[in-house]
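> Before we start, here is the structure in question, set down as structure tokens.
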Amino acid sequence: MKRLRPRHLRQGDDAEARARAWLEKRGLRFVLQNYRCKAGEIDLLMRDAETLVFVEVRYRGNKNFGSAAESVTAAKQRRLRLTAEHYLQRLERTPPCRFDIIGIDAKGDIQWIQNAF
């Protein structure tokens, strides 16, 4: 019998799928999903022309504790930078890069913060 993933993980998977489709409609090209190393995980890697975009996807069902984008703390940003550095070491040439945040709320509204940090 197949076990169901916990609800919060399914919500995260759904949010990442929505974010990817939303970004692709805006011309970004998919590179990779859920890149992991010891430092952490990057939800989506996309290409915006020649720029490699590291995308953090956040879902918030309740705004009482701030928006989804506001939940990306300084510590999370540091882990994302370290993970991105790990990924970039694999490449022959380092392209221009940026970090974006996609915040999705319970109503399905999407907030896209380019060059977030």
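> So G66 passes all but one of these: (1) closer than 20 Å to L23 by Cβ; (2) at pLDDT below 95; (3) not aromatic (F, W, Y). Which condition number does it fail?
(1)
> Sticking with this one: Residues of region 62-84 being loosely packed, with under 13 Cβ neighbours inside 10 Å and part of a helix (DSSP H, G or I), which ones? Write out each step before concluding.
From region 62-84, those loosely packed, with under 13 Cβ neighbours inside 10 Å are 62-66, 73-75; that's our starting set.
Matches in region 62-84: K63, N64, F65, A74, A75.
> Can you find a residue that is part of a helix (DSSP H, G or I) and surrounded by 15 or more Cβ atoms within 10 Å (Cβ to Cβ) anywhere in region 46-61?
no
> Of all residues in region 25-36, how many are closer than 15 Å to E85 by Cα and surrounded by 16 or more Cβ atoms within 10 Å (Cβ to Cβ)?
The number of residues fulfilling the criteria is 1.
> Would you check which residues across region 85-115 are at pLDDT below 95, within 19 Å of R26 (Cβ to Cβ) and assigned to a loop (DSSP other than H, G, I, E, B) and list them?
Of everything in region 85-115, those that are at pLDDT below 95, within 19 Å of R26 (Cβ to Cβ) and assigned to a loop (DSSP other than H, G, I, E, B) turn out to be G108, D109.
The values are calculated or read from the model by the stated rules, or taken from the named source; none is laboratory data. Computed from a predicted structure; not experimentally measured. Cβ atoms come from the backbone with ideal geometry, glycine included; neighbour counts cover every protein chain shown.
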